[in-house]
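The structure under discussion appears below in the form of structure tokens.
The values are calculated or read from the model by the stated rules, or taken from the named source; none is laboratory data. It should be emphasised that the depicted structure is a prediction, and the values quoted were computed from it without experimental measurement. Reconstructed Cβ throughout: ideal geometry from the backbone, glycine too, with neighbour counts over all protein chains shown.
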Amino acid sequence: MERKVVLITGGAMGQGKAHALKFAENGFDVVLADMQDPDGEVFRATVQEIEKLGAKALAVKCNVTSDDDMKAMFEKAWDTFGRIDVVVANAGVINFGYTWELTDAQVQKVIDIDLIGTWRTDKYAALYMRKQGFGRIINISSTSGMYGTPQLATYCMAKWGVRGLTKTLAQELKGTGIVVNTVCPTKVKTPMCETQSYVDFINDLTGKHFKDWQEMYDSVPFLDVEDISDMVFWLGTSRAAGQFSGRDLGLDLGTLQQ
Ligand SMILES: NC(=O)c1ccc[n+]([C@@H]2O[C@H](COP(=O)([O-])OP(=O)(O)OC[C@H]3O[C@@H](n4cnc5c(N)ncnc54)[C@H](O)[C@@H]3O)[C@@H](O)[C@H]2O)c1
């Protein structure tokens, strides 16, 4: 049987890496697009783990903020595999600051990567999937795309926007065999959260005094990357998940109001 192909932005580490391994374990070849260098230690280790599972891995240095990079990366993926079954628009960054403290540069950065980068990923995903007449697009937002969070205005603006993009694209793609949905996870144990600025943000939010992220992980509920991968894989492959489009699935650990 012909192998299927998943393309993941931000695939070098964190959730993107976990998604790549999940798909690779289950018979997919993988395209990993990340701004990190494929020859760097982190990205190389990810590719090796995927190849150990018997899957092909195409690792491309690619910044989601660059149209040239993204166009070339999708072309390379198409030329290499001739199909793109699933696209996971996962690349993202976070920064912190009360709304009145934020600079233009801070706002621009998160909007460029998390929102416009997701649109650019979806644009090329839709262009290629329309050629083949099928596909699944999965956009990664956040529970911060479902409610407001102090000090996360940049992130909330971008992640709410991702849901609007998903809903619009879902309507545009009606009847094409392509569906697009959003996953909204709450906190996940990844390098994104393993910084002092993230710990300071959690301390501010909770009134706690964790000295580092290890201590924070011991006390604050976090999802594991595999939790998100299970949902992303189900969205990308199950028959049931082909029957709806434009939806937001919250993996919220009970943080959302009913
Ligand atoms: N970790 C969390 O708590 C959490 C919660 C909800 C949603 N998310 C979202 O999940 C997604 C994955 O985050 P993560 O937790 O794995 O973060 P991470 O920082 O661990 O990994 C992000 C990956 O994206 C890559 N990347 C960053 N900017 C890029 C760019 N401009 N172009 C290409 N690649 C880029 C990084 O190099 C890295 O490999 C993000 O969209 C994030 O906003 C994270």
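Brief remarks follow.
- Qualifying residue in the range 201-211 (condition: within 16 Å of the ligand (Cβ to nearest atom), surrounded by 15 or more Cβ atoms within 10 Å (Cβ to Cβ) and under 19 Å from C156 (Cβ atoms)): yes
- Count of residues meeting criterion [surrounded by fewer than 21 Cβ atoms within 10 Å (Cβ to Cβ) and either more than 13 Å from the ligand (Cβ to nearest atom) or of a type in the set (V, I, T) (or both)] in the range 23-43: 5
- Selection count, the range 116-145, where residues are within 19 Å of A72 (Cβ to Cβ) and either in contact with a His (Cβ under 7 Å, 6 or more places away or on another chain) or of a type in the set (F, W, Y) (or both): 3
- Residues that are touching a residue at least 60 places away in the same chain (Cβ under 8 Å) and not in a helix (DSSP H, G or I) within the range 210-256 comprise F244, S245, G246, R247, D248, L249, G250, L251, D252, L253, T255, L256, listed in sequence order.
- Selected residue (criterion: farthest from the ligand (Cβ to nearest atom)) from residues of the range 4-22 that are closer than 16 Å to V87 by Cβ and part of a loop (DSSP other than H, G, I, E, B): G11
- Residues in the range 152-179 that are farther than 19 Å from M192 by Cα and among the basic types (K, R): R163, K167, K174.
- Test: F43 is free of Cβ contacts under 8 Å to residues at least 60 places away in the same chain, farther than 22 Å from P185 by Cβ and outside any strand (DSSP E or B): yes
- Selection count where residues are closer than 28 Å to F81 by Cα and not β-branched (V, I, T), scope the range 111-161: 22
- When we screen A18, A33, A12 for residues that are under 13 Å from V225 (Cα atoms), touching an Asp or Glu at 6+ places or on another chain (Cβ under 9 Å) and among the small types (G, A, S), the only hit is A18.
- Any hit, the range 70-85, residues being at pLDDT 95 or above and closer than 22 Å to D230 by Cα: yes
- Of A91, A77, all but one fail to be more than 10 Å from the ligand (Cβ to nearest atom), of a type in the set (A, V, I, L, M) and under 19 Å from the mean Cα position of the chain (by Cα); the exception is A77.
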